[in-house]
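Visitor: Can you read through this structure? Questions will come right after.
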Amino acid sequence: MTKSKRIINRILILAGMVLIVLSLVKLFGASRTITDYPTASKTPDRMTEQADDWSGEIAYGVTYAALTPLGGDENVTADVRFDPADDYWGLPRSDGVDLVAGYCSVCHSLAIVMQQRQDVEGWTYLLDWMEEKQGMAPLLADDRAVILAYLSREFGSH
Amino acid sequence: MTRQPSEPDKPSRRILLKSITGASFLSALGAPIPFLGNLPTGLVPVALAQGTSSLSQQKPGLTVLNDRPVNMETPPHLLDDAVTPAARMFVRNNGLPPASVDAHSWNVRVDGEVETPLDLSIDDLKTQFETVSLQLQIECAGNGRRFMKPAARGNQWSFGAISCATWTGVRLRDVLDRAGLKENALYTAHYGADTHLSGDPAKHPISRGVPIAKAMEPHTLIAFAVNGDDMPPLNGHPLRLVTPGWPGSCSQKWLTRIEVRDQIHDGAKMTGQSYRVPRAPVHPGASVADEDMAIIESLPVKSLITAPQTGIRVSTGDTIEVRGHAWAGDLDVAALDISIDFGASWSPADLSAPTNKYAWQHWRSEIRLPEAGYYEIWARARDAEGHMQPPIPPGWNPRGYLNNMQHRIAVFAL
């Protein structure tokens, strides 16, 4: 093979590679992929904050009872159950039960309330969400305090 | 925890029921009731009084998590059929279904970033577009939430917010092609005829959407029938989207409108923390800022053991058949392994190919329990990209989505 032929061969191979790359770019550039839309701004670095907030415990207690798939789990097992026949739908009778029964049953069933296990922060978030997004009338400050105390006492997280 | 007996002078539920439309209710509570005037007065007491009996008539054997809005899941052993019967499809409602539905006058509007907005009756869909029937899985993104610790907000689904039925309809892609997508079309926005729980007509109970590429995926359907029949009222009759492999909330029920948008849709339950997970992993119980959350797209690999039913007693040494289904969002399932020794050893099950993409795949195996005792059968699916189901809930997130941990059943060898 002469020197000039080798050079021509190299140029052809190079040109071929450029063409392949260009067509690939065109192919993928033109097609819509499922992530081909703008995402929110870059994730802020809150990892230090997250690390500071950690309890110090690995969550080894995550279990599932194969024998009783709908029970035996602390998230949802308590000595209270939704009861459509009860005057207060089975809500535990303690201070604030009337307010919770009254306010929360206007739009939705108490069944969804009684499934939850949230701390004060979690219940505060939910009441805010109800007021701000779901059309619940703003609670009077006194009522809100009683309702929050009831929910985090009777349906608190463990 | 102290429990005080009900005080007789407090308004009981029966008094509330009697007076819910009257001023006495307001004074009894000492507070205004939001949107009381908007509540369909005939409906609310009925909804309160009906309890859960009519639900169990419509969906025998399903577990009622919530009766208003209705949320019901299917115990795994009732999902044994290759194609899920309509009565065994789970229900996840965000609002109140339309009270009366006339399939003949039903209309769906296609508008927004399209060349030609369309108004289509169900008859138009049937006559102007190719009709297709596909087995498609629909799963709630919160399926498995019950096992998140700390507890995550929302309905506490265990394993049964999944179905795979035969849906008949037209490809959303064909309808969007007819309307003609504009160059800036980016995302869909779906609207249905259900009403917000508050009764406020300005609010949508849920309005989600998908990127155009998912809308144009040929398995995304506007469906008017399931298993060759009308779909159950609770599952969206007469018209719904079926967006397989993605959160069920992308499959709008009682579909009335598809708007094409030039931005990511910001309708009800698209924003904040709804159907979103942290962009980066967080420790269990972390509070995560809204801007650190990303929209869920394809759901992860998962499987169910649908036979035998958990708790079964068998004779030691007998050969028993174990079977179920596996699915993996946008992907296929490549393998399914089972273990009878708490995950110490695994053996492959026979796994069928999907009838069509997005149909769940069936698996079966035979086991023999060597000596008397308590056993658990664990099932672990692996998707085409090598992801496997973990034994415990993965990636805790504030709303408890995407728990694809292995399903297990208990078996006693006697």
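The values are calculated or read from the model by the stated rules, or taken from the named source; none is laboratory data. Just so it is clear, the structure is predicted and the values come from calculations on it, not from any experiment. Methodologically, a virtual Cβ is constructed for each residue, glycine included, from the backbone with ideal geometry; neighbour enumeration extends over all protein chains shown.
Visitor: When region A:106-126 is examined, which residues are found to be closer than 25 Å to residue B:64 by Cβ and more than 7 Å from every other protein chain (Cβ to nearest Cβ)? Don't jump to the end; show me each part of the working.
Guide: Filtering region A:106-126 down to residues closer than 25 Å to residue B:64 by Cβ leaves A:106-118, A:122-123, A:126.
Passing the criteria: A:110, A:113, A:114, A:123.
Visitor: So which residues in region B:110-132 are more than 21 Å from residue B:183 (Cα to Cα), among the β-branched types (Val, Ile, Thr) and assigned to a strand (DSSP E or B)?
Guide: B:131, B:132
Visitor: Being assigned to a helix (DSSP H, G or I) and more than 9 Å from chain A (Cβ to nearest Cβ) is the filter; apply it to region B:196-246 and report the residue that is farthest from residue B:93 (Cα to Cα).
Guide: Ranking the candidates gives B:215 first.
Visitor: Out of A:93, A:153, which single residue is farther than 27 Å from residue B:196 by Cβ, at pLDDT 90 or above and assigned to a helix (DSSP H, G or I)? Quick ask: steps written out before the conclusion?
Guide: Numbers: A:93 fails: assigned to a helix (DSSP H, G or I).
Residue meeting the stated conditions: A:153.
Visitor: Checking the conditions here, which among B:391, B:354, B:370 is in a loop (DSSP other than H, G, I, E, B), in contact (Cβ under 8 Å) with a residue 24 or more places away in the chain, surrounded by fewer than 22 Cβ atoms within 10 Å (Cβ to Cβ) and more than 25 Å from the chain's Cα centre (by Cα)? Step through it out loud before you land on a result.
Guide: Numbers: B:391 fails: more than 25 Å from the chain's Cα centre (by Cα); B:354 fails: more than 25 Å from the chain's Cα centre (by Cα).
That would be B:370, the only listed residue that is in a loop (DSSP other than H, G, I, E, B), in contact (Cβ under 8 Å) with a residue 24 or more places away in the chain, surrounded by fewer than 22 Cβ atoms within 10 Å (Cβ to Cβ) and more than 25 Å from the chain's Cα centre (by Cα).
Visitor: Here's another thing I want to ask about it. Does at least one position in region B:133-155 carry a residue that is acidic (Asp, Glu), part of a helix (DSSP H, G or I) and modelled with pLDDT of 95 or more? Can you show your working first?
Guide: Looking only at region B:133-155, we keep the residues that are acidic (Asp, Glu), and these are B:139.
Pick out the ones that are also part of a helix (DSSP H, G or I) and you get none.
No, region B:133-155 contains no residue that is acidic (Asp, Glu), part of a helix (DSSP H, G or I) and modelled with pLDDT of 95 or more.
Visitor: Say whether the condition of being assigned by TED's automatic domain parsing to the domain that holds residue B:139 and on the phi > 0 side of the Ramachandran plot is met by at least one residue in region B:322-343.
Guide: Kept after step one, since they are assigned by TED's automatic domain parsing to the domain that holds residue B:139, are these residues of region B:322-343: none.
The answer is no, given that none of the residues of region B:322-343 is assigned by TED's automatic domain parsing to the domain that holds residue B:139 and on the phi > 0 side of the Ramachandran plot.
Visitor: Among the candidates B:366, B:376, B:371, B:385, which residue alone is under 30 Å from residue B:132 (Cβ atoms), in contact with a strand residue (DSSP E or B) (Cβ under 8 Å, 6 or more places away or on another chain), of a type in the set (Asp, Glu) and in the same structural domain as residue B:339 (by TED's automatic domain parsing)?
Guide: Details: B:366 fails: under 30 Å from residue B:132 (Cβ atoms); B:376 fails: under 30 Å from residue B:132 (Cβ atoms); B:371 fails: under 30 Å from residue B:132 (Cβ atoms).
Unique residue meeting the criteria: B:385.
Visitor: From A:85, A:101, which residue is buried (at least 20 other Cβ atoms within 10 Å of the Cβ) and either within 9 Å of chain B (Cβ to nearest Cβ) or acidic (Asp, Glu) (or both)?
Guide: Values: A:85 fails: buried (at least 20 other Cβ atoms within 10 Å of the Cβ).
From the options A:85, A:101, the qualifying one is A:101.
Visitor: Go through (1) at the interface with another protein chain (Cβ under 10 Å from one of its Cβ atoms); (2) at pLDDT 95 or above for residue B:375 and report which single condition fails.
Guide: Answer for residue B:375: the failing condition is (2).
Visitor: What pairs come up if the first residue lies in region A:132-158 and is under 22 Å from residue B:203 (Cβ atoms), the second is assigned to a loop (DSSP other than H, G, I, E, B) and among the hydroxyl-bearing types (Ser, Thr, Tyr), and their beta carbons are under 7 Å apart, counting only those six or more places apart or on different chains?
Guide: So the pair list comes out as A:134/B:198; A:135/B:198.
Visitor: Looking at this structure, is residue B:305 surrounded by fewer than 20 Cβ atoms within 10 Å (Cβ to Cβ) and assigned to a strand (DSSP E or B)?
Guide: Working: surrounded by fewer than 20 Cβ atoms within 10 Å (Cβ to Cβ): no; assigned to a strand (DSSP E or B): yes.
Criteria not met by residue B:305.
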